Amino acid sequence: MHRWGIIALRISLGVIFIWFGILKPLGLSSAQLLVEATVRWMPILNPRVWVYIIGWWEVAIGMAFFFKKTIRIAIALLAIQMVGTFLPLVILPSITFQAGHLPYAPTLEGQYIIKNLVVISAALVVGGTVRQYQRA
């Protein structure tokens with residue numbers, strides 16, 4: 001487990017971000033409506049353009065996890081992305097929590113967001129190995 005755990009986390013994070021990310025620009029993401037609803041309050045770009053940008057951003061995160069030299073980039077991009085990922089919990093509570101049960105009964109969408117705490121934790125574990133990779 002010690003030998004392969006970190007490698008498995010890096011590859012898993014990479015696969016998840018590439019897979020879920022590429023679905024967004026292809027219009028196949030089940031999270032598309034949630035992303036569009038979240039970014040509607042930012043009138044800078046059309047929500048569908050945001051979905052496209054966020055999707056490719058996630059693909060970049062995933063690719064960066066595959067290479068030891070780009071782990072810091074992956075974690076920096078992930079940190080920025082996670083701020084946006086958790087926004088619906090604050091700005092769309094009617095979508096992310098069951099009616100009358102805020103904040104302890106998330107909807108499926110809320111659960112989808114909250115599970116990212118595990119992704120953040122996995123990224124922290126992988127990030128803790130960056131100096132080790134630099135010495136190798």
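Descriptive notes on the structure:
- Residues (touching a Pro at 6+ places or on another chain (Cβ under 8 Å) and over 20 Å from I18 (Cα atoms)) located in region 29-56: A37, T38, V39, R40
- Scanning region 35-46 for residues that are assigned to a helix (DSSP H, G or I) and either buried (at least 18 other Cβ atoms within 10 Å of the Cβ) or of a type in the set (F, W, Y) (or both) gives V35, T38, V39.
- One residue alone among A37, A8, A64 is within 14 Å of the chain's Cα centre (by Cα) and either in contact (Cβ under 8 Å) with a residue 12 or more places away in the chain or over 22 Å from Q111 (Cα atoms) (or both), and that residue is A64.
- Every condition in (1) over 15 Å from I18 (Cβ atoms); (2) hydrophobic (A, V, I, L, M, F, W, C); (3) at pLDDT 95 or above holds for V90 except the one numbered (3).
- Of the helices (runs of 4 or more DSSP H) lying entirely inside region 96-136, those containing at least 2 residues that are aliphatic (A, V, I, L, M) are 108-114, 116-127.
- Yes/no for L77 being under 19 Å from V125 (Cβ atoms) and buried (at least 16 other Cβ atoms within 10 Å of the Cβ): yes
- Contact map, region 70-84: first residue within 16 Å of Q132 (Cα to Cα) and touching a residue at least 12 places away in the same chain (Cβ under 8 Å), second residue of a type in the set (K, R) and crowded, with 19+ Cβ neighbours inside 10 Å, Cβ cut-off under 8 Å, separation 6 or more or different chains; pairs are I71/R10.
- All positions within region 63-91 that are of a type in the set (A, V, I, L, M, F, W, C) and touching an Asp or Glu at 6+ places or on another chain (Cβ under 8 Å): none
- From the options S94, S121, residue that is of a type in the set (S, T, N, Q) and over 23 Å from V15 (Cα atoms): S94
- Meets criteria (among the hydrophobic types (A, V, I, L, M, F, W, C), assigned to a helix (DSSP H, G or I) and surrounded by 15 or more Cβ atoms within 10 Å (Cβ to Cβ)) for A64: yes
- Filter pass, L117 being on the phi < 0 side of the Ramachandran plot, modelled with pLDDT of 95 or more, surrounded by 11 or more Cβ atoms within 10 Å (Cβ to Cβ) and of a type in the set (A, V, I, L, M, F, W, C): yes
- When L28 is tested against (1) touching a residue at least 60 places away in the same chain (Cβ under 8 Å); (2) part of a loop (DSSP other than H, G, I, E, B), just one condition goes unmet, and that condition is (1).
The values are calculated or read from the model by the stated rules, or taken from the named source; none is laboratory data. In this text the structure is predicted, and so the values were computed from the model without any measurement. When we count neighbours, we look across all protein chains shown, and the Cβ atoms used for this are built from the backbone with ideal geometry, even at glycine.
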